[in-house]
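For reference, the structure is listed below as structure tokens.
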Amino acid sequence: MAVMEILIDGDARLRERAQKIRQADNELRRIAEDMWETMEDADGVGLAGPQVGVMRRIITVHVAAGMDEEDDPEYRYTLVNPEVVRGYGEQAGLEGCLSIPGWAGEVIRYDSVTVKAMGLDNKPLRIKANGYLARVLQHEIDHLDGVMFTDRMAEDAKLYSVDDLETDDATMLSHAGGSNGDTMPV
């Protein structure tokens, strides 16, 4: 396994649509392992192929237990060709991105989603997610279409420096994947 370089906003590849994957093979499984190592090294909760220059529709997601409710389980997914097939409700919350380090902004997302994907075993998956997990899945799937969280912010919304956020917000960002203010939640 190897830590990959995370592309930073401004790199044209982050604005490209990733290619659909026909079948997961050993090469894709190796890429997934490297993406996991990269995401964990950066203290992130999600990573999409385009963020590391892999222009294929693959994401990794790791949401720690208790992110929304104390008894919530830990979620760990590697998803191939994920897509949101249903979305319900609305939630507003701070988001950041490993590709926009040190910054966060308020984004409105679906509160609940159903995501259809394929696993690395080539079997179909259907995930029903709420709250923070739903937010992370939507954020990472957006990356596959060349969409950054800043594109989803309201026109009058502003970006916040992680260092300027109040303690509660900074704590949430830290739990979501920020480590010392240099990286962001999803």
Contact list, first residue from segment 6-25 and under 27 Å from D121 (Cα atoms) and surrounded by fewer than 15 Cβ atoms within 10 Å (Cβ to Cβ), second anywhere and modelled with pLDDT of 95 or more and of a type in the set (D, E), beta-carbon distance below 7 Å, six or more apart or interchain, is R17/D145
Boolean, R76 is over 13 Å from the mean Cα position of the chain (by Cα) and of a type in the set (K, R)
no
Tell me whether segment 97-105 contains one or more residues that are without any contact (Cβ under 8 Å) to a residue 60 or more places away in the chain and closer than 24 Å to L14 by Cβ.
yes
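A quick yes/no check of all residues on (1) in contact with a strand residue (DSSP E or B) (Cβ under 8 Å, 6 or more places away or on another chain); (2) within 16 Å of Y132 (Cβ to Cβ):
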position	(1), (2)
A12	no, no
R17	no, no
G53	no, no
N81	yes, no
V84	yes, yes
Q91	yes, yes
G96	yes, yes
Scanning segment 36-49 residue by residue, the ones that are surrounded by fewer than 24 Cβ atoms within 10 Å (Cβ to Cβ) and not acidic (D, E) total 3
Scan segment 81-91 and tell me whether some residue there is surrounded by 17 or more Cβ atoms within 10 Å (Cβ to Cβ), on the phi > 0 side of the Ramachandran plot and not in a loop (DSSP other than H, G, I, E, B). yes
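Of the residues T60, T38, only one is assigned to a helix (DSSP H, G or I) and either in contact (Cβ under 8 Å) with a residue 12 or more places away in the chain or among the aliphatic types (A, V, I, L, M) (or both); which?
Answer to the check: T38.
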Expected output for segment 109-137 (first residue among the charged types (D, E, K, R), partner part of a helix (DSSP H, G or I) and surrounded by 22 or more Cβ atoms within 10 Å (Cβ to Cβ), Cβ below 7 Å, 6+ apart or cross-chain) is R109/A134; R109/R135; R109/Q138; D111/A134
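Here are M118, M148: which of them is over 16 Å from T60 (Cα atoms) and either surrounded by 13 or more Cβ atoms within 10 Å (Cβ to Cβ) or in contact with a helix residue (DSSP H, G or I) (Cβ under 8 Å, 6 or more places away or on another chain) (or both)?
M148
The values are calculated or read from the model by the stated rules, or taken from the named source; none is laboratory data. Since the model is a prediction, treat every value here as computed from it, not as a measurement. All Cβ positions, even for glycine, are placed from backbone atoms using ideal geometry, and neighbour counts span all protein chains on display.
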